[in-house]
Every structure is written in C-alpha cells, then in structure tokens.
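The values are calculated or read from the model by the stated rules, or taken from the named source; none is laboratory data. Quick caveat, the model's predicted, so the values are computed rather than measured. Here the Cβ positions follow ideal geometry from the backbone for every residue, glycine too, while neighbour counts run over all protein chains shown. Heads up: the accessible areas ignore ligands, DNA and RNA and are worked out on the full protein's heavy atoms, side chains in. Shrake-Rupley method; radii C 1.70, N 1.55, O 1.52, S 1.80 Å.
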Amino acid sequence: MTRDIAVVAFAQTDHRRTSDELSEVEMLMPVLHEVLGETGLKAADIGFTCSGSSDYLAGRAFSFTLALDGVGAWPPISESHVEMDGAWALYEAWTKLLTGDADTALVYAYGKSSPGSVRDVLSRQLDPYYVAPLWPDSVALAALQAQALIDAGDTDEPALAAVGARSRAAAADNPHAQLRGPVPRGDYLVRPLRTGDCPPVGDGAAAVILAAGERARDLCARPAWIRGLDHRIEAHALGVRDLTDSPSTRLAAERAGAFERPVDTAELHAPFASQEVVLRKALRLDDGVRVNPSGGALAANPVMAAGLVRIGEAAARIHRGESDRALAHATSGPCLQQNLVAVLEGDPR
Amino acid sequence: MPEVLSAPLVVEFPFTRSLGPVQSAFLTGLRERVVLGVRTGDGRVLVPPVEYDPVTAEEIRDLVEVAPTGTVTTWAWSHDPRRGQPLGTPFAWVLVRLDGADTALLHALDAPGPDAVHTGMRVRVRWAQERSGAITDIACFEPYEDETGEVTEAGESAEAEAHSGEFEDPVTGIVAAARLDYTYSPGRAQSAYIAALSGRRTVGERCPSCRKVYVPPRGACPTCGVATAEQVEVGPRGTVTTFCIVNIKAKNLDIEVPYVYAHIALDGAGLALHGRIGGIPYDQVRMGLRVEPVWTDGARHPDHYRPTGEPDADYDAYKELL
Ligand SMILES: [Zn+2]
C-alpha cells in the first residue's frame, strides 16, 4: 500500500543561548501545544509519537522520559524515541504511517546545550578506542574538514565568511533565530574556522505533525507532501573518508528522488559554513535554489532539533505557498557522517 | 517567583572496554613503538586498523607494520587547547597518512605555530614516555626532517610489511575515562519545590485540567500534557500506599537492614512519592499506615517518615494512588 504522507504543522521555540529557568518539558510544551493547536488535534488523537534528544546534552540518563510529561502519556500512547536529531524521529514516524498503523504522528525534538560544553559533549560520540581519548572537540573536527576544502580549492576563508553573512542576513526575517543580521567574522576558534563560520550554542525545541492522505488535507490547507525520505551513513573514521565530499548525502538524495526534478528551496543542516560547501556540491544545488531562507543552523543550532527544524522550515514554506518543491537535509555525527534527505512538495497551484 | 536554582553536575565514568584481535594488536603495538595497520581484500592498508572493511564489511585480520613517519592530509590550528587534549600548548590537529598506509590517523602535531604547518608536510610519531597500550601512547606528531635537514615533502612509498600482531602480554582492554561538567538547572517548577523544602514544606502543582496535584511538580501534567502552575502545599502527613522491605545494605549508606522503603501519598497530593519508614519495626509496616516526616538538622529533605499514631487510612482513601 502506498500512502501519501505530509507535514501538516510545524512549530519551534525561540532559540536562545540559555534557558535556565525552564526544564526541558517546560521548554517543549509550548511548541507541542502550538502544533496541536494549528491542526485542532488533541494529544489523545495522535496515532504515534516519536522524539529525538540526547542524554549527553542533559547529563542525565533517560532524560527524554521526563519530557513525555508534556505529551500527555496517560492513558498509554504509542511512543518511541531516537537518541538522535528529531529528523530521524520523523523518519521513524513516516515509516510508521507508511505501514498504515497510524494516520497521524507527533514528532518532537529538543536540546539544551547551555548546561554543559557542547564542544566537549559531542566528542563522546566518537570512536572510543582511537579518537575519543584525544578529546577532539566538534569545532576542531569541522576545522579539519574546512582546511581539506580549502586545500582542494573548493572554498576559501572569504567564501566561508560569505556563507555565514548570507545565513544571518536571511535570518533577519526569522523571529526564532538566535543570531540575526550582521555578525562579525570574529577570531579563529580553531583555524581555519572563525566564530562567524560556526553555529551559535543554544537551547531550543521543535515539533511537527505528520498526517496521511485525506487526513492531511483536512488538517492543513496546503500539506507539504513527503515525496521521498532517505538516510545514509558513511565510515565513522575521518581518515577513511574524503572530507571534501558527502557520498552519503548524494545517495540519500538520489533515493529520496531529489534529482528527478529541480527543487526551488533547500534547507540544509550545515552547522559549519564549510559544510554548506560540501552539501551544495553533493546535492548539485545551483544558484537558482534558495538555500536556507530561515538562516539555517548558522543562525540557530539547537542540537538534536536543528535537523527537524530544517524539515519544518521547508514544510512551512510550502504551507505558506512560498515553495512548491523543497529539499530538507539533516546531519548527525562528526563532519557530516550521517545524512538524511527529504523531498517535500505542495499540491499544484 | 523564587530564583531558579542551579548547581554543578559532574558526570564521570571510567568506561572499561574490551578489544577485539585487531584493536588489541594495534594498541599493544603502540606500547612497543610499532604501528600496525590492516590490509583489506583489495590491498588497501587501513591505519588505524579495524576488524571489518568499511566498504565491503568483510572481516579483515591481515596485519601489517607501517612506518612511524607520514604526511599530513589536513590540519586545524588549536590555539586554545581544551581539557584532555594531547597537548597543553597550542597545537595542530592533524590527519596523518603514515608511510605504507592508505588512510589517515587523527592526532595532534606539536608545532611552533600555524605558519609552520601545511597539508603535505612530513611528520613523525613522538612516543609517550610511559606507554600502556592506548592511542595516547602516541604523545603527538612532530615535524620530521630527513638527513639533509629539510622538512621532506612527499613520502617515499613505503611498503607495509606483514606482521604477526603477536606481542608478549597483549593489551586486551582499555579504561577510557570520561568526564563532563554541567551546570544543572531544574527549571521553574522543581526549583519552587526545592526552595519550599528548605522551609520544611512540600509543595506540588495542581493540573488546571484534571485537578490532580503533582508532587514533586515538573511543570506539566503527564496525563493531560498541559502546563501546571498553581502551587499547593501538601502533607506534611501522609499514608503508606505500598512498600517493600530492603535486605541489602547499600554502599556508603548508613542505614541498618532490613528497612522499609515506601510509597507515601502526602495529604492533598495526587500521586505518591517515595521515602523510608522508620520508628516502627519493619515487619509492622502496612498499607494505610499514617506517617509524618522526620527532619534532621541541615537536611534538604526528610530523613524518613514515622507513624503518627492515627488510625490507618481506609483502602478506598488511597486506592487511586497505588
Ligand atoms: Zn491533568
């Protein structure tokens, strides 16, 4: 059975450097209520719920179970969780809807980077035998990739600065973004990356609702139909990969049907300016494609939610009639190790 | 609204990890100043070695020895080293393709400054003084000049020699220490709960929808999925709803066994919290027993609960809270 499944609602928090006054569930609940409100659904109407987050950000085991309080998990609901970006939770929910087991799904993701040092926290996802004992931080690993791109002639420091400037200029229209407008290039954080080439550290959450077939049309005036969704992974060891390319993104895009017809919009999860260079090449995006009109992860990077935000932003542009065919990308792991691509379309106008 | 609380939170753990045959040979080799790689079915040499070909997923066990010298394939200058990193002074992160290898190893390069580093430069291993069979047995890399005194550019295409991978007293496991530092903030609702405890009061929050009072409050009703805000003082007395008898003495805990650990529904609360029951023989604790908190000086929560002497509560009064 083939079913058409669409993103019918999207909400996100304002992404901020810190949100000490809020627990995770307190941060999350407003966006859950917002997507439910947009669709008129109640928590009890949702067929499947799936979330993405990381205990390492919180520093507490099973932290996601507390966030469930915000969903209303009694009487018992059909629920799942991925210790990854919420984009992968959306993948699981999409699969569930494809099977016909549910007609609607609530997907949410959240991350508070403010309690710890996210550069060090992310180092704990690395190979524990050969890499993690050296404590390479996430910016250092991205900088190795940036230097490889510079050596290959794919970019240079002014071009990287231009990516950051374009992203934050675009974010001027995005009330949720953490960094907006002119942002100084700043000093080297880890050379060749300057602070302006790197994402802000912050807290935030996002939620979307998926619905199948006619249900989607009932809930949304212009659903963002998911035409294809695929995710691929490549070798974990950085020294095995060609850091200037992303074959996993290209393969995911091909399997998601991204190359069948041009897209008009691309929301790319590129926390570092240099990663946008890699993704543009892998996805064969030309200058006719509007890349990251939301400002992207360089304007707001709530870890574990930033990928889901890309899908949500792409879908929201379709809802608003600003896009007819959009690509959304999410990443996880060091230097674009894992990549997910979704192709979204609105009904013809 | 009371101030939101925060406190340092340190998560520290010595992860004990066992090694497979290839990782064991590689890390033992480092202890003996030998760098081993593994040859794939199509003849490529992977350093550091893995047990399965990342392309074909074939099992690979064909160990070879490569040179302790190599070529930088990419680098990044870290002017502000972080805790745990290989060098405490500014250094370059490098991916190094060792002579004889086809893939690169991540490590640090000790160099005077970023102008002294470039892709393609020649480097060699600087061994740690004390080696235990870990990636940190390589202290770092250092620039490598050949006999002419020049920093050589392209590596001689060294041939990797077959190696048995056998050493005396092989390393079979590593202990990887990890420590992350956080500042934990429990958020608005739990801050209010903790602040009230400092005055020996217990407050919950009432759900605006189902009217249940949650204690400790977390800012949301898990049944209705809505925010809670209305603070309600509960207790101090309560009813034992269910309990268990603990017979195992916990490490670092100064409580004689057996003792009773119970669910206690404080008066006015919509769900039970846990606590230890004292002041009564363990085998006389029962469902419905009425209890009150016992505070000790300087404590941040009740030490235990003891019988009030009131008649037991009716089962119907607490059956919803079991
Ligand atoms: Zn309620």
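Just the number, please: percent antiparallel of the DSSP beta bridges in the protein assembly as shown, rounded to the nearest 5.
So the antiparallel bridges amount to about 85 percent of the total.
From the phi angles alone, apply the Karplus equation (6.51, -1.76, 1.60; θ = phi - 60°) to the range A:266-279 and give each ³J(HN,Hα) in whole Hz, x where the residue is Gly or Pro.
These are the phi-based 3J(HN,Hα) values: 9, 9, 9, 8, 10, x, 10, 3, 5, 6, 5, 4, 5, 5 Hz.
Work out the FRET efficiency for A:Glu21 and B:Glu161 from their Cβ-Cβ distance, taking R0 = 51 Å, and round it to the nearest 0.05.
After rounding to 0.05, the efficiency reads 0.25.
Which sequence of B:Val72, A:Val277 reflects their accessible areas, 1.4 Å probe, from the largest down?
A:Val277, B:Val72
Sort B:Tyr182, A:Tyr91 from largest to smallest accessible area, using a 1.4 Å probe on the heavy atoms of the protein chains.
A:Tyr91, B:Tyr182
Sum -39500 (n - 2.57) across every DSSP H segment of at least 4 residues in the protein assembly as shown, then divide by the residue count to get the 222 nm mean residue ellipticity, nearest 500.
-6000 deg cm²/dmol
Taking the Cα atoms of the protein assembly as shown, what is the range of coordinates along each of the three principal axes, in descending order and whole Å?
Each principal axis gives a Cα extent; for the protein assembly as shown these are 95, 70, 49 Å.
Mean projection of the alpha-carbon convex hull of the range A:38-165 over all orientations, in nm²?
Its average projected convex-hull area is 11.9 nm².
Based on the mean of other Cβ atoms within 10 Å per residue, sort peptides A:134-141, B:259-266 so the most packed one is first.
Highest mean packing first, the order is A:134-141, B:259-266.
So how many Lys-Lys pairs in the protein assembly as shown land under 27 Å Cα to Cα, not counting same-chain pairs under 8 apart?
Lysine pairs, 8 or more places apart or on different chains, close enough: 4.
Any idea how far the Cα center of the range A:16-33 sits from the one of the range B:188-233, in Å?
Using only Cα atoms, the two centres lie 16 Å from each other.
What share of the DSSP beta bridges in chain A is antiparallel, in percent to the nearest 5?
Here the antiparallel bridges make up roughly 75 percent for chain A.
Restricting to Cα pairs below 8 Å that are 6+ residues apart, what does the relative contact order work out to for the range A:165-219? Please round to a whole percent.
Averaging sequence separation for qualifying contacts and normalising by length gives 21 percent for the range A:165-219.
Residue separation times 0.36 nm, minus the C-alpha to C-alpha distance between A:Arg60 and A:Arg261: what's the value?
67.9 nm is the gain from fully extending A:Arg60 to A:Arg261.
Average partner chain C-beta neighbours within 10 Å, per residue of B:42-54?
Taking all residues of B:42-54 together, the mean is 2.
So what is the relative contact order of chain B, in percent, for Cα pairs below 8 Å that sit 6 or more residues apart?
15
Just grab the label-to-label distance for B:Arg237 and A:Lys42, each label 7 Å out from Cα along the Cβ direction, in nm (one decimal).
3.8
Report the equivalent ellipsoid semi-axes for the range A:18-104 in whole Å, largest first, defined as the square roots of five times the eigenvalues of the gyration tensor built from alpha carbon atoms.
Semi-axis lengths for the range A:18-104 are 22, 16, 11 Å.
Would you please give the FRET efficiency between B:Ala177 and B:Ala7, computed as 1/(1 + (r/R0)^6) with r the Cβ-Cβ distance and R0 = 22 Å, to the nearest 0.05?
Taking R0 as 22 Å, the efficiency between B:Ala177 and B:Ala7 is 0.45.
Taking θ as phi - 60°, what are the ³J(HN,Hα) couplings along the range A:73-83 by the Karplus curve (6.51, -1.76, 1.60), each to the nearest whole Hz, with x for Gly and Pro?
8, 9, x, x, 10, 8, 9, 8, 9, 10, 7
Expressed as cubic angstrom per residue, what is the convex hull volume of the alpha carbon set of chain B?
Each residue corresponds to 239 Å³ of Cα convex hull volume.
On the principal axes of its Cα set, how long, how wide and how thick is the range A:167-244? Give whole Å, largest value first.
52, 37, 20
Would you mind giving the average projected area, over all directions, of the Cα convex hull of chain A in nm² with one decimal?
Its Cα hull, projected and averaged over all orientations, spans 16.5 nm².
Along the Cα→Cβ direction, 7 angstrom out, place labels at B:Ser132 and B:His79. What is the inter-label distance in nm?
3.4
What nm distance separates the two modelled labels at A:Ile233 and A:Glu79, each placed 7 Å from Cα along Cα→Cβ?
Taking the two extended label points, one gets 2.6 nm.
Using alpha carbon centroids, what distance separates the range A:293-349 and the range B:6-28, in Å?
What the calculation gives is 35 Å, centre to centre.
Can you sort A:Glu157, A:Glu34 by solvent-accessible area, 1.4 Å probe, largest first?
Heavy-atom accessible area, descending, gives A:Glu34, A:Glu157.
How high is the relative contact order of the range B:1-102? Use alpha-carbon pairs under 8 Å, at least six apart in sequence, and give a whole percent.
Worked out over the range B:1-102, it gives 22 percent.
Taking beta carbons within 10 Å but only from partner chains, what does the mean come to for residues B:89-97?
Rounded to a whole number, the mean comes out at 3.
Across peptide B:78-84, what mean number of C-beta atoms from other chains lies inside 10 Å of a residue's C-beta?
Other-chain Cβ atoms within 10 Å of each residue's Cβ, averaged: 6.
Ignoring everything but the protein chains, give the 1.4 Å probe accessible area of A:Met84 in square angstrom, nearest 10.
40
List the residues whose amide H sits under 5 Å from the amide H of A:Ile5, counting only those 5 or more places along or on another chain, with H placed 1.01 Å from N in the peptide plane.
A:Gly213, A:Ile226
Between B:Gln284 and B:Thr89, how high is the FRET efficiency from 1/(1 + (r/R0)^6) when r is the Cβ-Cβ distance and R₀ = 60 Å? Nearest 0.05.
Calculated transfer efficiency: 0.35.
Ignoring ligands, DNA and RNA, please state the percent of accessible area on the range A:106-206 from carbon and sulfur, probe 1.4 Å.
About 56 percent, which is the carbon plus sulfur part of the accessible surface.
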